[in-house]
Amino acid sequence: AGDVWTVPKNGGTATRLSSPAGSEAFPKFSPDGNHIAYSANYHGNVDVYVVPTSGGLPARLTQHSFGDRVIDWHPDGENILFASTRKSGRQRFSQFYLINKDGGMAKKLPVPYGEFGAFSSDGKHFAYTDKSRVFRTWKRYRGGTAPDIMLFNLETLGSETVIDSDDND
């Protein structure tokens with residue numbers, strides 16, 4: 001139904017956590033399992049929202065004119081990772097940001113460009129792809145838009161390519 005639902009791991013009755021007009025996407029549980037962050041378009045733009053897993057009103061965390069896509073939670077459980085084209089200079093390229101689950105100003109990560117990523121458990125390293133093939137229908141594509149996996153050290157600001165191939169990684 002384009003909404004966020006939860007259901008016990010062992011099965012049972014599903015509970016709807018969101019029902020506003022508009023569609024929700026990319027839901028992610030917080031590390032402690034108490035919140036779900038997701039992207040939704042309720043006011044003419046895709047923004048980041050967070051809702052307790054027990055239910056309640058979703059809180060809107062971003063209000064930028066460019067779309068914000070939830071990627072994951074930071075291991076600290078306090079911040080949500082999202083991608084946006086808001087300051088990239090090119091609407092075709094996203095950059096990564098963190099925003100606190102209680103709101104505030106988003107902070108840009110020092111990674112140049114990226115679409116999807118994940119933090120190491122200690123939060124010191126960040127694996128990411130600089131391009132996205134999500135929602136594309138080309139099978140076994142090998143070419144210039146196939147993303148590679150990069151590893152970024154958030155302490156030294158160095159990076160390395162983990163996998164470099166013509167395949168989609």
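The values are calculated or read from the model by the stated rules, or taken from the named source; none is laboratory data. Note that the coordinates shown come from a computational prediction; the quantities given were computed from them, not determined experimentally. Note that we place each Cβ from the backbone using ideal geometry, even for glycine, and neighbour counts take in every protein chain shown.
The set of residues in region 63-100 being in a loop (DSSP other than H, G, I, E, B) and crowded, with 23+ Cβ neighbours inside 10 Å consists of Ser94 alone.
Scanning region 4-32 for residues that are under 19 Å from Leu98 (Cα atoms) and either at pLDDT below 95 or within 16 Å of the chain's Cα centre (by Cα) (or both) yields a total of 7.
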